[in-house]
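Colleague: Pasting a structure here, questions to come.
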Amino acid sequence: MSNGTLYDKVWDRHKVTTLPNGQDQLFVGLHLIHEVTSPQAFGMLQERGLEVARPDLTHATVDHIVPTANQDRPYADDAAERMMSELEENVRNAGIQFSDPTTGDQGIVHVIGPEQGITQPGKTIVCGDSHTSTHGAFGALAFGIGTSQIRDVLATQTIAMEKQQVRKIEVNGELGEGVEAKDIILEIIRRLGTEGGVGYVYEYAGEAIENLDMEGRMSICNMSIEGGARAGYVNPDETTFEWLEETDYFQEHPGKFEELKPYWESIQSDDDAEYDDVVEIDASELDPVVTWGTTPGQGIGIDDPIPAPEDLADDKQDTARRAQKHMRVEPGETMNGYEIDVAFLGSCTNARLPDLRRAARIVKGREVADDVRAFVVPGSQRVQRAAEEEGLKDIFEAAGFDWRNAGCSMCLGMNEDQLEGDEACASSSNRNFVGRQGSKDGRTVLMNPRMVAAAAITGEVSDVRDLEEVALA
Amino acid sequence: MTDATEEIPEVDYVEGTGIPIRGNDIDTDQIIPARFMKVVTFDGLGEFAFFDLRFDDEDTQKEHPMNEERFGDANVMVVNNNFGCGSSREHAPQALMRWGIDAIIGEGFAEIFAGNCLALGIPTVTADHETINALQQWVDDNPDGEIEVDVAAETVRYGGNEASVSVDDAQRQALVEGIWDTTALMKANRNAIEETAGQLPYLDQRRSDLEADD
C-alpha cells in the first residue's frame, strides 16, 4: 500500500473512524451541489426527518440544465424550471450559499469552486458529479459521488469510502507546439485504458505537470474519471499558491493564506513516498490527440492511423468495431480531415479563460467554415465577463461563433444545446459516448480547445499546427 | 431517527432469472440517457433504462434483451467489463432497479456505479471473462433457469454449475449484515466527527468566519 503520499496524509487527517463494514468514514471539507443529482437526496433527508448538518461547508450552483441562450425566468423548458425551483427551495430552507445566475458567480460547479477560492489543497471535496476529480489540481482529495451518498454528506458531512491504491503518473519532457494538458490526459487514458484506474487514485507528477498552469492541471485531473480513477491530484506548489492567493476567499480574509500555507506544504507527497504503481510518459513525444471512437480511451495522434480492431487487446476489439461503425471511420485512416458539423468550446474540462484565449488566437481574423455551427460556452459567469472585457467575445463573434452564457451545455445535452441527427462535433468536452451530446446518432470527437477552433475554421478535424496563431491585442 | 440496523434488509442472497447485457465499457449515459434526468425524483425511471438502445426515433422497439418477453421477469443482469463507467448519476442503477434488477454479475464495474448500487442494496459481483461468457450463454439458452447469487459465500449457482465469484469485502459485509445504508451508521459517530473536524486547520477558519458574520 502507498505510504507518505498526499492521498495518505489527507485521508488520515479526515478519517473519522473505520465503519463496521470495513469502509472508512471521512469528514468532507467541501460539499458542492447542483440541480440534477441533489433534489432526490434532499427528499430522502426529509423522509428521515434529518437536517443539513453543515450548510456552511456546502455550496450550490446550477449548471447542467441552465439555458445558455435565454435565461429569463421561468425558463422556457418546464422541466428545467422545476429543477431550478427545487434547488432554490432546498438551498433556501437549509441556508446553503448559492451561486445562482443573478449573483454573477454562477457556472459549472468545477469551475466556480476553484475560482472562488473554496477549492483548497488538503481538503476533501465531494459532489454528485463524476468530474469532481477536477479539484484535485489543487492537491485536494475530490470525489464524484451518487445521490445516496449526497444524502449521507448532507446528513452527516461525512462519507463512507474504501481507501484506494495510488498510481503515480510521471509526465516528463516538454510539451511540443500545439500540444496541451488535454492531450496529456487523452494519451494517459489511451495507454492505461478506460478501466485502468479502477481501484486507484492518480497522482500526476513530473516536469510537464509542474510546468502547467492551474487550468491545465484542472483539465488533466478532470478526466481522471474517464480513465476509471475516481480521483486524481497534483501536489500543491508555488503555482498553486500564487493562484490561490488571488482568489476571493484569500483576498477577503487577510492572513488566512499565510496561516494555511504550512498545512498545504505538510500534505505534499514525501520525496520517498511509496506508490502502488508508477507509470512514466514522455510529453515531448506527443502530438495533438483526437478521439476516433466512442470512449475517451480511443484516442490517437492527429496524424496516426486509426487502429484495426484486431490489432487491439481482445477485450477492446468489440468496442472498437462498434465505435468505428458509429463514427464511420476505417482502420488505417487518420482523423485529420474528418468533416464536422458542430464545434463546441465549453465544459468543465476546457472552458476556462486560458482555454478561450488559446482558441481565440486561432480564430482571430478567420471565419467559421460554411455549414458549421460553432459556439463558445464559458465555464462560469466570471470567465464570461473576463473574456468579454479582454475582447475574446468580439473575436469569436466576428468569426461566426455563437457566444453563450455559462453552463454545461452540449457536453451532455441537458439543455437546448444538443447535436441533431448524425451530426459530427469537434468538442473540448470530456466524453464521446454514444448519445452523450443529446442525439443518439451524434458523433463526438474530443480534442483540445485550439484544435476545436481549428476544426471550426476548416470544417474538419485539422492539425492546429498548420494554422498560424494570431497574437491577441 | 430510526435505527438503521433494524430497518435495512440483509442482502446475503439473491435468486431469480437472468438477462445478458453484452459489451464492455457500457456507460451510464447509455443506461439512462441525460434527457431522462430532468426529474426531481427517481420514480418512473425504470421504463427509460437503456432507452436509446431499446427504442428508435418512433419509439418502436429495437432488438435488445430488455425488450424480449422471455427476459421480462429477469432480476439478475449479467454484464461484461467496466460496466457503469462515465457519469456518476445514481439514476443509472435506480433505473435498473426500478426495471426489476436485484443483482448484477459482471467482469468489472466502474467504481462510482458499484458504490451507487451498494447504496441501493444491489450486489455487483465479479467473475472472469470465461465465467461471464458461459453464464451469459446459459442465460440466453435458459431464460427461465434459476440463478442463485450467494453474496456471503461468493458463489453463483445455475443449472447444476457453481462458479466462484468475488464480492468486494466491504460490500459483502455491508450487504450481508444489512449495514449498506450508511446514513444512520455514520450519524451515530457524532462526537468523533466533531473531533476530526476540530483538528482540520482550514475548518476552524470557516466556522469562525460564520460566527464573525453573525
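The values are calculated or read from the model by the stated rules, or taken from the named source; none is laboratory data. Here the structure is a predicted model, which is why all the values come from computation and not from measurement. Because the Cβ atoms are built from the backbone with ideal geometry, glycine has one as well, and the counts that use them run over all protein chains shown. Only protein heavy atoms, including side chains, enter the accessible area calculation; ligands, DNA and RNA are left aside. Shrake-Rupley method; radii C 1.70, N 1.55, O 1.52, S 1.80 Å.
Colleague: How would A:F344, B:F109 line up by accessible area, probe 1.4 Å, largest first?
Modeller: Sorted by accessible area, descending: B:F109, A:F344.
Colleague: Also: For the range A:241-322, take every pair of Cα atoms, bin their distances at 10 Å starting from 0, and report each bin as a whole percent.
Modeller: Distribution as computed: 13, 23, 19, 22, 18, 6, 0 percent.
Colleague: For A:C411, what accessible area in Å² do you get when you roll a 1.4 Å probe over the heavy atoms of the protein chains, rounding to the nearest 10?
Modeller: 10 Å²
Colleague: Would you mind pulling out the separation of the Cα centroids of the range A:105-170 and the range A:396-473, in Å?
Modeller: 27 Å
Colleague: Taking the full set of protein chains and a 1.4 angstrom probe, give the accessible area of A:R48 in square angstrom, rounded to the nearest 10.
Modeller: A:R48 exposes around 80 Å² with every protein chain in place.
Colleague: Next question, about the same structure. HN-Hα J couplings of the range A:274-283 from phi, Karplus 6.51/-1.76/1.60, θ = phi - 60°, integer Hz, Gly and Pro as x?
Modeller: My calculation for the range A:274-283 gives 9, 10, 7, 7, 10, 10, 10, 9, 9, 5 Hz in order.
Colleague: Which one, A:C408, A:M447, A:H326, is farthest towards the positive end of the dipole of the range A:289-463 when Lys and Arg carry +1 and Asp and Glu -1 on their Cβ?
Modeller: Towards the positive end, the residue furthest out is A:C408.
Colleague: Between B:E10 and B:Q199, what FRET efficiency comes out of the Förster formula 1/(1 + (r/R0)^6) with R0 = 41 Å and r the beta carbon distance, rounded to 0.05?
Modeller: Taking R0 as 41 Å, the efficiency between B:Q199 and B:E10 is 0.70.
Colleague: Still on this structure: If amide hydrogens are placed 1.01 Å from N in the peptide plane, which non-local residues have theirs closer than 5 Å to the one on A:V16?
Modeller: A:Q25, A:L26, A:F27
Colleague: Carbon-plus-sulfur fraction of the accessible area of the range A:289-463, 1.4 Å probe, in percent?
Modeller: Answer for the range A:289-463: carbon and sulfur cover 40 percent of the accessible area.
Colleague: Something else: Skipping prolines and chain starts, which residues have an amide H placed within reach, meaning under 5 Å, of the one on A:E460, given they are 5 or more residues away or on another chain?
Modeller: It is A:I340, by chain and number.
Colleague: Then there is this: Expected output is a single nm value to one decimal: the length gained when fully extending between A:D314 and A:D213, i.e. 0.36 nm times separation in residues minus the C-alpha distance. What is it?
Modeller: Here the answer is 32.5 nm.
Colleague: Measure out, as a whole number of angstrom, how far apart the alpha-carbon centroids of the range A:88-104 and the range A:8-47 sit.
Modeller: 21 Å
Colleague: Which cross-chain or sequence-distant (5 or more) residues have an amide H under 5 Å from the amide H of A:T444, H modelled 1.01 Å from N in plane?
Modeller: A:C425
Colleague: Where in the range A:153-257 are there GluC sites (Glu not before Pro) that are in a DSSP coil and have at most 14 other Cβ atoms within 10 angstrom of their Cβ?
Modeller: A:E174, A:E177, A:E246
Colleague: For the range A:256-283 and the range B:1-80, what is the centre-to-centre distance using only Cα atoms, to the nearest Å?
Modeller: 41 Å
Colleague: Please compute, for the alpha-carbon atoms of the range A:289-463, the extent along each of the three principal axes and give them in descending order in Å.
Modeller: 52, 30, 26
Colleague: Set the bar at 23 Å for Cα to Cα. Now go through A:K15/A:K261; A:K15/B:K187; A:K440/B:K38; A:K123/A:K182; A:K123/A:K261; A:K182/A:K325 and name every pair that lies beyond it.
Modeller: In this structure, A:K123/A:K182; A:K182/A:K325 lie more than 23 Å apart at Cα.
Colleague: Using only Cα atoms, what Kirkwood radius does the protein assembly as shown have, in angstroms?
Modeller: Final number for the Kirkwood radius of the protein assembly as shown is 25.3 Å.
Colleague: Would you kindly derive the ³J(HN,Hα) couplings of the range B:118-131 from the backbone phi angles with the Karplus curve 6.51 cos²θ - 1.76 cosθ + 1.60 (θ = phi - 60°), listing them in order in whole Hz, with x for Gly and Pro?
Modeller: 4, 5, 9, x, 9, x, 10, 9, 10, 8, 6, 4, 5, 4
Colleague: In nm, what is the difference between 0.36 nm times the number of residues separating A:D78 and A:D304 and their Cα-Cα distance? Show your work: numbers first, answer last.
Modeller: Working: separation 226, 0.36 × 226 = 81.36 nm, distance 4.58 nm.
Taking 0.36 nm per residue and subtracting the Cα distance, the gain is 76.8 nm.
Colleague: Could you derive backbone 3J(HN,Hα) for the range A:284-291 from the dihedral phi with the Karplus parameters 6.51, -1.76 and 1.60 (θ = phi - 60°), listing whole Hz in sequence and x where the residue is Gly or Pro?
Modeller: 5, 7, 7, 9, x, 9, 10, 8
Colleague: Using DSSP loop states and a limit of at most 11 other Cβ atoms within 10 Å to flag GluC sites (Glu not before Pro), what is the longest stretch of chain B containing no flagged site?
Modeller: Values: sites that count: B:E58, B:E63.
In short, B:64-214.
Colleague: Distances over 23 Å make up what percent of all Cα-Cα pairs in chain B?
Modeller: Looking at chain B, the distances longer than 23 Å represent 52 percent of pairs.
Colleague: Counting DSSP beta bridges with both partners in the protein assembly as shown, what percentage is antiparallel, nearest 5?
Modeller: If I count the DSSP bridges inside the protein assembly as shown, around 35 percent turn out antiparallel.
Colleague: For chain B, set up a GNM with springs between Cα atoms under 10 Å and report which of B:R22, B:R70, B:R35 has the largest fluctuation.
Modeller: Per the Cα network of chain B with a 10 Å cutoff, B:R35 tops the list.
Colleague: R0 = 51 Å: FRET efficiency of A:R191 with A:A398, Cβ-based, nearest 0.05?
Modeller: Calculated transfer efficiency: 0.80.
Colleague: Suppose the chain between A:D422 and A:E246 were pulled fully straight at 0.36 nm per residue; how much longer would it get relative to their current alpha carbon spacing?
Modeller: This chain segment gains 58.9 nm when fully extended.
Colleague: How much accessible surface does A:R321 have with a 1.4 Å probe, in Å² rounded to 10?
Modeller: 110 Å²
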